[in-house]
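This report concerns only the one structure given below.
Every read-out reported here was derived from the displayed coordinates using simple, explicitly stated rules and does not represent laboratory data. In this text the structure is predicted, and so the values were computed from the model without any measurement. Backbone-built Cβ (ideal geometry, glycine too); neighbour counts: all protein chains shown.
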Amino acid sequence: MDDSQNGVQVGENKFISKSAILSHLKTYNLYYEGKTLQLRHREEEGELIVEGLLNISWGLKRPIRLQMQDDHERIKPPPSSTSWHSGCNLDAQSQEGAKQTPPPIEVTPPPDQSENNMMKEDEEDEDYDASSQLLRTKSDAGVLRRANRRSPSDQRRIRRHRFSINGHFYNHKTAVFTPAFGSVTNVRINSCMTTPQVLRVLFNKFKIENSPDEFSLYLVHTSGERMQLKRSDYPLIVRVLQGPCEQVCRIFLMEQDLGEEVTYDVAQYIKFEMPVLQSFITKLKEEEDREVQKLRTRYSYLRCILEKQLQCQPEGSTCM
């Protein structure tokens, strides 16, 4: 009861004292001193809350699908006005532009020049029509039309308001792909978020279309030991308790049906080559045979004693 009231919850019916968490947190922040992976903590109504970035490694064997990019949606003008913005009225601008037009000059241009002027006017009209239908992202702060046109590379960079998975952005040709195994990403979470909540934050960050329920987080050690985090676990607290060094332990995102837990006893044999493992099996088989032979000898001896006692029992009864 005291642990549940004064401690920090690690999982279902699992608590740890605040002093132990703060000690681990101090070591964690010293390891990442001067880096963005340092964690902060605060108390709200007596509850200790830790927050910061959590590194997650990709360990998927099947491809994932990214959602359609948001910048394909057009920003519609409000129904009560024809302006793109409350302070930007296109009709008013067009009227002002009409008032500021210079008086006509009676100069007869050559025929080819008039044709060029007409072509330029047509191009300007097309550019204006295209600009009114620009595909804008929801994250654009301003919607005013700028006089200077950006280069295609700048426009592509502005449209990318979503995070990339190791440099991979969404496009129609590579919407389905598998992230490089072992590559690292991170999400900003707190110690009150359970495993399903962390998965939803990760999938929302990269606009992944797959359901988070199909995946799970695994705690993978360099020894090969692999433990699946339960739905009631708190990944950030688990990371702090495991220590900051990712060369010893990492958190992987894996498919729930393909991921497999590996105990420590099994993990210590995984990295050996097949001939070495075969020799281990041979020695274990020999040891098993020796133990079986010992048991057989022992029980054969006990059986003989019992048979002798049974044979002597009638003679003893007659003697009495």
Item to complete: Would you pull out the residues with amide H under 5 Å of Ser17's amide H, same chain only if 5 or more places away, H placed 1.01 Å from N?
Response: Val8
Worksheet entry | Under the Karplus curve 6.51 cos²θ - 1.76 cosθ + 1.60, θ = phi - 60°, whole-Hz ³J(HN,Hα) for the range 199-207, x wherever Gly or Pro sits | 5, 5, 4, 5, 5, 5, 5, 9, 6
Worksheet item: Within a Cβ distance under 12 Å of Trp58, other residues only, what is the Lys/Arg minus Asp/Glu net charge?
Response: +2
Fill in: For Asn210, distant residues with modelled amide H under 5 Å away
Arg65
